[in-house]
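Engineer: Pasting in a structure now, in structure tokens, and then I'll have a few things to ask.
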Amino acid sequence: MSAKARGALLCVLGATGDLTHRKLVPAVAGLRRAGLIDGPLPIVGFARQQLDDESFRQRLRETVEGDGADEVIAQTVYVPGDMRRAEDYVALARRLEQVEAEHGPFAGRLYYLAAPPSTYTDIFRNLGKADLQKEQGGFRRIVVEKPFGHDLESARALNRELLSVFREDQVFRIDHYLGKETVQNILVLRFANGIFEPLWNRRYVDHVQISVAESIGVEHRGKYYEEAGALRDMMQNHLLQLLTLIAMEPPVAFDADQVHNEKVKVLRAIRLPAPSDVSRVTVRGQYGPGEVAGKAVPGYRDEPDVRPDSQQETFVALKLQIENWRWADVPFYLRTGKRLNRRASEISVQFQRAPQRLFPRETRLQPNVLRLRIQPDEGMTLSVGAKVPGMRIELRDVDMAFDYGTFGKPRTEAYERLLYDALTGDSTLFTRRDEVEAAWQVVDTIEAGWRQEEIGPDSYPAGSSGPEAADELLHHDGRRWHLR
Ligand code: BG6
């Protein structure tokens with residue numbers, strides 16, 4: 001991020017949802033503060049509630065915090081309308097033109113889908129019917145929030161609808177993990193340094209772990225979560241995306257298509273387990289009552305809008321194999337869950353032991369592990385064996401560490417980064433059609449196995465590190481999770 005993005009119109013469909021005040025207004029304010037927008041970037045909110053400009057602004061003022069938010073809110077306007085009704089897009093189109101006439105010229109329009117996924121198809125169609133995708137006097141791009149579909153079939157249908165109105169290069173499918181600094185750094189670490197790439201393969205890597213642990217529960221999203229579960233909510237997108245960045249081949253160039261080409265190859269190389277194998281390579285869990293940070297919390301089944309006999313998983317662990325020359329026989333263990341003992345996301349690459357044991361008691365050393373801490377304590381460490389000072393040869397594991405704090409710079413918020421990229425037309429950190437579909441293919445296969453074999457979730461107490469079966473998944477292979 002260095003060149004300024006030219007001012008544009010940000011049209012938020014579903015503007016009364018919490019994304020606008022939680023993420024979008026703060027992101028616009030952040031980009032302004034950083035001096036990254038050249039010209040105005042007004043928000044045009046569109047949603048069903050009957051509000052006028054001032055009452056919408058008032059709501060935002062009540063909920064948005066942070067420097068510069070007032071200025072962004074002052075430039076925000078609102079159009080009431082039903083996103084499912086084509087007629088209501090006439091008023092929207094008129095208002096967009098008005099704002100352009102008053103505050104323009106703009107580089108273009110960014111439509112941002114912050115509406116419930118069940119409305120997506122209607123929105124695509126209605127934008128098309130009102131010709132709002134046509135690039136008259138500037139770009140027209142669309143940002144689509146997750147979840148993108150519910151399974152492979154629905155994702156395909158959604159892609160078909162979307163791409164019958166917009167071209168792929170106008171589409172920006174969000175996965176906010178890709179906007180995180182530490183996630184972007186994976187590619188820099190791998191491909192801007194000479195020392196890692198030669199080791200980054202089955203000859204030297206023993207296995208890889210990707211853990212995304214959350215301490216929060218499902219909060220007020222019980223209804224959505226009952227449909228989604230951890231596999232769809234986190235694994236299909238964030239964790240599989242992290243996996244692609246760790247496992248992909250070096251792209252020919254750092255541009256969107258080349259990066260996507262390599263990522264999709266990884267997803268397609270994942271071995272799809274047969275239904276009878278699914279119980280061996282997956283773990284499903286659901287949190288029961290427990291304690292998180294010293295506070296008693298209810299179990300998943302007691303959360304609002306959750307069925308008292310729900311079989312939905314709030315935790316999932318997978319053992320995946322990537323069938324290609326680089327990774328054959330190297331297991332990738334992925335796990336994510338809610339109401340765990342901590343909030344932490346981490347990737348660790350465990351290397352193989354030295355081929356010869358030269359020193360006494362060397363067996364006490366752990367193998368070298370490169371740990372990439374995605375959040376909240378951002379940084380990385382490489383553990384190595386070292387000699388403890390003294391006459392005897394005594395070995396101990398020590399960490400070579402890097403902490404993001406070293407830069408002394410505030411980190412760019414993921415949504416700022418992604419909004420900026422969408423405004424400048426760079427889709428590298430978004431997901432392409434084939435990528436989303438390939439990820440669903442993996443998820444669908446696992447789901448089908450769970451269904452066919454009637455695999456329900458194991459209960460784990462809130463505040464624990466997840467179901468025991470997740471530990472056994474690794475113990476069975478003589479390994480253990482690094483993030484405890
Ligand atoms: C969202 C999921 O995509 O990511 C949530 O829907 C989850 O369930 C969230 O809590 C986690 O994001 P982050 O950035 O807090 O790790």
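Engineer: Considering only the range 208-234, state which residues are open to solvent by less than 10 Å² (accessible area, probe 1.4 Å), part of a loop (DSSP other than H, G, I, E, B) and near the ligand (Cβ under 9 Å from one of its atoms).
Structural biologist: Within the range 208-234, just 218 meets the criteria.
Engineer: State all residues of the range 159-175 that are assigned to a helix (DSSP H, G or I) and within 13 Å of residue 148 (Cβ to Cβ); if no residue qualifies, say none.
Structural biologist: 159, 160, 161, 162, 163
Engineer: Here's something else I'd like to know. Taking the range 37-60 only, how many residues are open to solvent by 10 Å² or more (accessible area, probe 1.4 Å) and touching a helix residue (DSSP H, G or I) at 6+ places or on another chain (Cβ under 6 Å)?
Structural biologist: So the answer is 3.
Engineer: If only one of 237, 261, 201, 193 is touching a residue at least 60 places away in the same chain (Cβ under 8 Å), open to solvent by 10 Å² or more (accessible area, probe 1.4 Å) and more than 16 Å from the ligand (Cβ to nearest atom), which one is it?
Structural biologist: Just one listed residue meets the conditions, 201.
Engineer: Additional query: Of the residues that sit in the range 87-126 and are in a strand (DSSP E or B) and not hydrophobic (A, V, I, L, M, F, W, C), which one is farthest from residue 415 (Cα to Cα)?
Structural biologist: This residue is 108.
Engineer: Condition first: in a helix (DSSP H, G or I), surrounded by fewer than 19 Cβ atoms within 10 Å (Cβ to Cβ) and basic (Lys, Arg). Can you find one or more residues in the range 315-329 that meet it?
Structural biologist: No, every residue in the range 315-329 fails to be in a helix (DSSP H, G or I), surrounded by fewer than 19 Cβ atoms within 10 Å (Cβ to Cβ) and basic (Lys, Arg).
Engineer: If I ask for residues that are open to solvent by 20 Å² or more (accessible area, probe 1.4 Å), in contact with a Pro (Cβ under 7 Å, 6 or more places away or on another chain) and either assigned to a strand (DSSP E or B) or outside the structural domain of residue 438 (by TED's automatic domain parsing) (or both), which ones from the range 264-295 would you list?
Structural biologist: Result: 284, 290.
Engineer: Go through the range 89-103 and report how many residues are without any contact (Cβ under 8 Å) to a residue 40 or more places away in the chain and open to solvent by less than 80 Å² (accessible area, probe 1.4 Å).
Structural biologist: Result for the range 89-103: 2.
Engineer: Would it be correct to say that residue 272 is closer than 23 Å to residue 192 by Cα and either touching a residue at least 60 places away in the same chain (Cβ under 8 Å) or away from the ligand (no atom under 16 Å from the Cβ) (or both)?
Structural biologist: Against the criterion (closer than 23 Å to residue 192 by Cα and either touching a residue at least 60 places away in the same chain (Cβ under 8 Å) or away from the ligand (no atom under 16 Å from the Cβ) (or both)), residue 272 does not qualify.
Engineer: Looking only at the range 126-182, filter to residues that are hydroxyl-bearing (Ser, Thr, Tyr) and open to solvent by 30 Å² or more (accessible area, probe 1.4 Å); which one of those is nearest to the ligand (Cβ to nearest atom)?
Structural biologist: 154
Engineer: Filtering the range 246-258 down to residues that are part of a helix (DSSP H, G or I) and open to solvent by less than 10 Å² (accessible area, probe 1.4 Å), which residue is farthest from the ligand (Cβ to nearest atom)?
Structural biologist: The qualifying residue farthest from the ligand (Cβ to nearest atom) is 247.
Engineer: Given (1) within 12 Å of residue 162 (Cβ to Cβ); (2) over 19 Å from the mean Cα position of the chain (by Cα), where does residue 137 come up short, assuming only one miss?
Structural biologist: It is condition (1) that residue 137 fails.
Engineer: Could you list, in sequence order, the residues of the range 21-40 that are more than 13 Å from residue 416 (Cα to Cα) and touching a residue at least 40 places away in the same chain (Cβ under 8 Å)?
Structural biologist: Matches in the range 21-40: 21, 39, 40.
Engineer: Can I ask one more? How many residues are over 18 Å from the mean Cα position of the chain (by Cα) and among the β-branched types (Val, Ile, Thr) when one looks only at the range 316-342?
Structural biologist: Adding up the residues that qualify gives 2.
Engineer: Looking only at residues in the range 330-349 that are surrounded by fewer than 23 Cβ atoms within 10 Å (Cβ to Cβ) and not in a strand (DSSP E or B), which one is nearest to the ligand (Cβ to nearest atom)?
Structural biologist: 343
Engineer: Which residues, taken from the range 466-484, are open to solvent by 40 Å² or more (accessible area, probe 1.4 Å) and either within 23 Å of the chain's Cα centre (by Cα) or farther than 13 Å from residue 315 by Cα (or both)?
Structural biologist: Answer for the range 466-484, where residues must be open to solvent by 40 Å² or more (accessible area, probe 1.4 Å) and either within 23 Å of the chain's Cα centre (by Cα) or farther than 13 Å from residue 315 by Cα (or both): 472, 475, 476, 477, 478, 479, 480, 484.
Engineer: Show me the strands (runs of 3 or more DSSP E) found entirely inside the range 357-463 where at least 3 residues are open to solvent by less than 30 Å² (accessible area, probe 1.4 Å) and away from the ligand (no atom under 16 Å from the Cβ).
Structural biologist: 379-387
Engineer: Separate question: What about residue 207, is it more than 30 Å from residue 297 (Cβ to Cβ) and not acidic (Asp, Glu)?
Structural biologist: Criteria met by residue 207.
Engineer: Of these, 309, 305, which one is surrounded by fewer than 16 Cβ atoms within 10 Å (Cβ to Cβ) and in contact with a Gly (Cβ under 9 Å, 6 or more places away or on another chain)?
Structural biologist: Of 309, 305, the one residue that is surrounded by fewer than 16 Cβ atoms within 10 Å (Cβ to Cβ) and in contact with a Gly (Cβ under 9 Å, 6 or more places away or on another chain) is 305.
The values are calculated or read from the model by the stated rules, or taken from the named source; none is laboratory data. Keep in mind that this is a model prediction, so the values were computed, not measured. Ideal geometry is used to build each Cβ from the backbone, glycine not excepted, and the neighbour counts take in all protein chains shown. Note: areas computed on protein heavy atoms with side chains; ligands, DNA, RNA excluded. Shrake-Rupley method; radii C 1.70, N 1.55, O 1.52, S 1.80 Å.
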